[in-house]
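Following: one structure in structure tokens, then a few remarks.
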Amino acid sequence: METLRLRKIQQPSHVERLLEAFAARGDLLPKDCYQIRASGALSPQLQRVVERAMQKGHVWACWADSYHTWLFTCEMSLPLSRERGAPVLQVDVYDEAGELKDAGIWVNQQGKWSRCVA
């Protein structure tokens, strides 16, 4: 991908939309959950995770249902996106207690997200 186009995609608002699409369309969440958009509505543990992520320049998105919460933080990797010719996100997933549950690198090709293999 062209570096200029990738840098435009790398803007926080665009990366946030990519992260929301990744979580919502990636079969990672139950159908009855809802998105939490205000960090003040999160538990203190998740607020700390969000603060750390934002200090690093990462974006976040969160969903919950009656029993669980899923917090996603991510950054877009410019070198990997250039290499793959598609947006590549480095995503961390946390539970309601602020525990890291998964971390991975994901690529969006032709509208479908798949985990990158090393």
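What follows draws every value from the coordinates through simple rules; no lab data is involved. This structure is a prediction, so every number in the text was calculated from the model and none was measured. Methodologically, a virtual Cβ is constructed for each residue, glycine included, from the backbone with ideal geometry; neighbour enumeration extends over all protein chains shown.
Magnitude of the charge dipole for the chain, about its Cα centre and with charges confined to Cβ atoms of Lys, Arg (+1) and Asp, Glu (-1), is about 520 debye. Going by the alpha-carbon gyration tensor, a ≥ b ≥ c the square roots of its eigenvalues, is the range 66-112 rounded (a/c under 1.5) or, if a/c is not under 1.5, prolate (a/b greater than b/c) versus oblate? It is prolate, given that a/c is not under 1.5 and a/b is the larger ratio.
Taking amide H as placed 1.01 Å from N in the peptide plane, the amide H of Ile36 sits under 5 Å from that of Cys62, Trp63, Ala64, each at least 5 places away or on another chain.
Take the Kirkwood radius over Cα pairs of the chain, plug it into Stokes-Einstein at 4 °C and 1.567 mPa s, and you get 89 µm²/s for translational diffusion.
Rounded to whole numbers, the Karplus 3J(HN,Hα) couplings from phi for the range 24-32 are 6, 9, x, 6, 9, 10, x, 5, 8 Hz, using 6.51 cos²θ - 1.76 cosθ + 1.60 with θ = phi - 60°, and x at Gly and Pro. Applying 1/(1 + (r/R0)^6) with R0 = 22 Å to the Cβ-Cβ distance of Tyr67 and Arg25, what FRET efficiency is obtained, to the nearest 0.05? Efficiency for this residue pair is about 0.50. As a length-normalised measure over Cα pairs under 8 Å and 6 or more apart, the relative contact order of the chain settles at 23 percent.
Near Gly104, once Lys and Arg are set to +1 and Asp and Glu to -1 for all other residues with Cβ below 13 Å from its Cβ, the sum equals -1.
3J(HN,Hα) along the range 78-92, derived from phi through the Karplus expression 6.51 cos²θ - 1.76 cosθ + 1.60 where θ = phi - 60°, amounts to 5, x, 6, 5, 4, 4, 8, x, 7, x, 10, 10, 9, 10, 10 Hz, with x in place of Gly and Pro. Please list, by residue number, everything in the range 23-46 whose backbone N is under 14 Å from a paramagnetic label point 7 Å out along Cα→Cβ of Ala97. Hits in the range 23-46 for Ala97 at 14 Å: 45-46. Taking the C-alpha atoms only, the angle from helix 44-55 to the longest principal axis of the chain is near 20 degrees.
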